[in-house]
Amino acid sequence: MGPVYHFIATSIVSGTIYLASKSESCLIISFVGGFLIDLDHVIDYYLHQGFNLKVRHFLEFCFKRKFTRLTLIFHSLELLILFWLAIYFFKLGNFWLALGIGITQHMLFDLVVNRDFLKTPYFYFLTLRIINGFRVKEFKQNDK
């Protein structure tokens, strides 16, 4: 899912959280969790291309899916599950709940939108990416 759509979706979800909680901090942290999770794409880009500040090149690289390896450390269902378990068992407050909702909605949208590109939704398990050496070819459709 592209950044514009993530921005729109995250804004709607975060706005809904604000309406329910009347908390500006919950609105902000939900937005941060839902939108800035994609910073791991920047990390992968620099691992691939080295450090540079060419935003246009970064966007082209991402949109044309030129990555041969993707770590995407923040796009991890295992970490998300552990995060939700921590929220539940440690009875963390609304701030953490809003962060969890923001991250979760991002991951759900990625799972739905990227299903045509990926062979399997298991791509979003960090453990499987590690086992496969972070190679994208192990997960993407042959014709994509």
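Contact map, the range 110-138: first residue more than 15 Å from L79 (Cβ to Cβ), second residue surrounded by fewer than 13 Cβ atoms within 10 Å (Cβ to Cβ) and basic (K, R), Cβ cut-off under 7 Å, separation 6 or more or different chains; pairs are F117/K144. Within the range 100-110, one or more residues are of a type in the set (D, E) and within 16 Å of G33 (Cα to Cα).
Picking from residues in the range 105-124 that are surrounded by fewer than 16 Cβ atoms within 10 Å (Cβ to Cβ), of a type outside the set (S, T, Y) and within 20 Å of L82 (Cα to Cα), the one that is nearest to the chain's Cα centre (by Cα) is L108.
The single residue among D44, D38 that is within 13 Å of T104 (Cα to Cα) and surrounded by 17 or more Cβ atoms within 10 Å (Cβ to Cβ) turns out to be D38. Checking each residue in the range 9-52 for being more than 21 Å from the chain's Cα centre (by Cα), farther than 17 Å from F67 by Cβ and among the small types (G, A, S) picks out A20, S21, S23. Scanning the range 65-88 for residues that are more than 22 Å from L118 (Cβ to Cβ) and either of a type in the set (V, I, T) or surrounded by 14 or more Cβ atoms within 10 Å (Cβ to Cβ) (or both) turns up F83, W84, I87. Annotation note: of F67, F95, F35, the sole residue that is more than 23 Å from I12 (Cα to Cα) and either out of contact with any strand residue (DSSP E or B) (no Cβ under 9 Å at 6 or more places or on another chain) or without any contact (Cβ under 8 Å) to a residue 24 or more places away in the chain (or both) is F67. Within the range 57-112, the set of residues being of a type in the set (D, E, K, R) and under 24 Å from I130 (Cβ atoms) comprises R65, K66, R69, E78, D110. The set of residues in the range 98-144 that are under 17 Å from K66 (Cβ atoms) and acidic (D, E) comprises E138, D143.
Within the range 2-29, the set of residues being farther than 11 Å from G102 by Cβ, in contact (Cβ under 8 Å) with a residue 24 or more places away in the chain and surrounded by 15 or more Cβ atoms within 10 Å (Cβ to Cβ) comprises S21, S23.
For the range 36-126, list the helices (runs of 4 or more DSSP H) that sit wholly inside it and hold at least 2 residues that are of a type in the set (D, E); which are they?
Here the list reads 39-49.
Name the residue that is nearest to L36 (Cα to Cα), counting only residues in the range 85-96 that are among the hydrophobic types (A, V, I, L, M, F, W, C) and out of contact with any Cys (no Cβ under 8 Å at 6 or more places or on another chain). Across the range 85-96, the extreme among qualifying residues is W96. Could you go through the range 50-59 and let me know if any residue there is within 21 Å of K140 (Cα to Cα) and either modelled with pLDDT of 95 or more or surrounded by 13 or more Cβ atoms within 10 Å (Cβ to Cβ) (or both). Yes; the residues of the range 50-59 include at least one that is within 21 Å of K140 (Cα to Cα) and either modelled with pLDDT of 95 or more or surrounded by 13 or more Cβ atoms within 10 Å (Cβ to Cβ) (or both).
The values are calculated or read from the model by the stated rules, or taken from the named source; none is laboratory data. Nothing here was measured: the structure is a model prediction, and the numbers come from that model. Cβ atoms come from the backbone with ideal geometry, glycine included; neighbour counts cover every protein chain shown.
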